[in-house]
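The values are calculated or read from the model by the stated rules, or taken from the named source; none is laboratory data. Since the structure is predicted, the reported quantities are computational estimates derived from the model, not experimental observations. Note that each Cβ is placed from the backbone with ideal geometry, even for glycine, and that neighbours are counted across all protein chains shown.
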2 protein chains.
Amino acid sequence: MEHNKLLEMLKAAPGEYISGEEISRRLSISRTAVWKQINKLREEGYEFEAVSRKGYRLVGSPDKLEEAAIGAMLQTSGFARKLRLLDVTSSTQEAARLLAEEGAAEGTLVIAEEQTGGRGRQGRMWFSPPHKGVWMSLLLRPRRPLAFAPQLTLLTAVAVCRAIRKVSGADAGIKWPNDILIGGKKVCGILIESAGEDEMIKYCIAGIGIDVNLEPEDIPAELRSVATSLKIESGRHIDRAELIAAVMNELEQLYKLHEEEGFAPIRLLWEALSVTLGRRVTVWGGRGDISGVAKSLDESGALVLQDEHGSDVKIFSGDVQLG
Amino acid sequence: MEHNKLLEMLKAAPGEYISGEEISRRLSISRTAVWKQINKLREEGYEFEAVSRKGYRLVGSPDKLEEAAIGAMLQTSGFARKLRLLDVTSSTQEAARLLAEEGAAEGTLVIAEEQTGGRGRQGRMWFSPPHKGVWMSLLLRPRRPLAFAPQLTLLTAVAVCRAIRKVSGADAGIKWPNDILIGGKKVCGILIESAGEDEMIKYCIAGIGIDVNLEPEDIPAELRSVATSLKIESGRHIDRAELIAAVMNELEQLYKLHEEEGFAPIRLLWEALSVTLGRRVTVWGGRGDISGVAKSLDESGALVLQDEHGSDVKIFSGDVQLG
């Protein structure tokens, strides 16, 4: 593409200004074309200083993910060993679903720098701007009954929460069933989509969206009171490749642990990271609101509430509000 | 289409021969074109007698499904009230899945006269010739946890088995989990495909394939020892529209029963129709073969076997061989 020549030219002269006239002459394009290409590069995350009579200077490049950087930090045997790294896609879930239907192997990971139609639970929009987040979907093919899928939801939350704590140092916790919060604000959403045949899982796609290096101004105004990023909370830039590898390492380890020892150890880890347990919560579910104190997870992964009459109520699904 | 004029002409002269020459003249087409159209109609299931110097006579029309005939016998409030009746499709499961993704309502039913790529469990081919079977897929949107899907498999088997018994009089039974047998031979296969989001079902598609009016010679030779049809077993032609309506009536009734009273009454009905319980069976599953005597269904829908050591083993999935 033409604008890569422009980029090469500016990169070859670090710290120096090159005039629009010179660029126009050297690339044999019009001044308007130069201006258009600079704008295109800005959209991709490159930053320029433009000074009149001096020209353009490259002052910042986007934080692009590279497959080699992720691979170097993987300790997995299968997870993320097949990687599709996309610049932009409508939804990594949809891209992974198509790969699943084509027969892609367990552990295939789809990552996008940007999603134009990212989605969360119940068809809600998931804001996924370029280069600042981790937007990814992992294909899993557990040979298990469908009842495993809810446990996979909780298992994934544990893995992501542990990876976030490790890489960013932030005090992240899990809100039932699978939101990751820091200081009460959401920093990550997880969505497990399953395809089943009769009583068995055909495949699951674990969608993980983490707000990594978003600045406060990158977060839509209406979400600023409820959403945050790892950079905002930790005060430093986070290496996304390191975070992706850490999530995959944790996830494969817990997945194997579940294969060997079942849900019990996962449940203990989930309970230890939970910000829901012990709190008064309200759940909006299919059967109306239920309020109570969150007591524990049961062995299937349901949330056990103690209601105002002192009875235990099991919650299988719904949106939880703390406090 | 041109060949409908030919059909109208032959239908307008019941029992009479019309010469190829006369057809050619009245439709202003060549004799070769007449012959091609006759062949096309034969492929669609029409039967002709052709006698030299006399011409063609219509002696049989295909048994085509009509929406009005099915609708007249429905006693449902929602099931099959939205109907897509297709002449031919690759797979009604796939057609129903696309409708589900587009937001089609619960109870939407896709029926095809013929499937070119019909499939059963584990991607196996399902032979689906035109006009002689019931090849259909029902869209369901239960607001339930994923663990409901295996129960839906058993519920569907009960509904189909009851409808077959009612309409054909044949002594049909259920082989775990969801094959319908008559005299030890398979007459119907059921496949429930589910899409889940986190712990909840997004939708299920209940695929039902019944060999209705197939003659022995319609069944592929390699399947004749294990497959049969309602016509072969009952000795008479079965009205497919009546059978479709009966399946929908039974299915909606049981689905509502499950909503009100849970799995317990479905389980009793399943056990009463089972040809598996009390028999020595071998199950090929993910963890190797298991042999034992089939004792019962558990409350989740798993098959309980008593193995040779007298221990109970729960089977969640697999292929069962009786005896």
Answer residue from segment A:166-205, given it is at pLDDT 95 or above and polar (S, T, N, Q) and is farthest from A:P216 (Cα to Cα) among those:
A:S194
Residues of segment A:114-147 classified as buried (at least 19 other Cβ atoms within 10 Å of the Cβ) and within 9 Å of another protein chain (Cβ to nearest Cβ), total
5
Report yes if some residue within segment B:53-65 is acidic (D, E) and more than 20 Å from B:D211 (Cβ to Cβ); otherwise report no.
no
Filtering segment A:214-239 down to residues that are of a type in the set (S, T, N, Q) and either surrounded by fewer than 20 Cβ atoms within 10 Å (Cβ to Cβ) or under 23 Å from A:G318 (Cα atoms) (or both) yields A:S225, A:T228, A:S234
When the residues of segment B:288-323 are filtered to those that are free of Cβ contacts under 8 Å to residues at least 24 places away in the same chain, within 13 Å of B:G278 (Cα to Cα) and out of contact with any Lys or Arg (no Cβ under 8 Å at 6 or more places or on another chain), which remaining residue is nearest to the other protein chains (Cβ to nearest Cβ)?
B:K295
In segment A:192-208, what residues are within 20 Å of the chain's Cα centre (by Cα) and either crowded, with 24+ Cβ neighbours inside 10 Å or facing chain B (nearest Cβ under 7 Å) (or both)?
A:I192, A:E193, A:S194, A:C204, A:A206, A:G207, A:I208
From the list B:L303, B:L251, B:L268, exactly one residue is among the aliphatic types (A, V, I, L, M), out of contact with any helix residue (DSSP H, G or I) (no Cβ under 8 Å at 6 or more places or on another chain) and either surrounded by fewer than 16 Cβ atoms within 10 Å (Cβ to Cβ) or under 24 Å from B:R143 (Cβ atoms) (or both). Which is it?
B:L268
So, in segment B:163-191, how many residues would count as being under 23 Å from B:L140 (Cα atoms) and within 14 Å of chain A (Cβ to nearest Cβ)?
8
Taking segment A:18-53 as the region of interest, how many residues are surrounded by fewer than 17 Cβ atoms within 10 Å (Cβ to Cβ) and either of a type in the set (S, T, Y) or touching a Ser or Thr at 6+ places or on another chain (Cβ under 6 Å) (or both)?
7
Of (1) part of a loop (DSSP other than H, G, I, E, B); (2) closer than 27 Å to A:L191 by Cα; (3) more than 14 Å from chain A (Cβ to nearest Cβ), B:G103 fails just (3)
Anything in segment B:14-28 that is over 17 Å from B:K54 (Cα atoms) and touching a helix residue (DSSP H, G or I) at 6+ places or on another chain (Cβ under 7 Å)? List them, or say none.
B:L27
Answer yes or no as to whether B:S274 is touching a Ser or Thr at 6+ places or on another chain (Cβ under 8 Å), modelled with pLDDT of 95 or more and of a type outside the set (A, V, I, L, M, F, W, C).
no
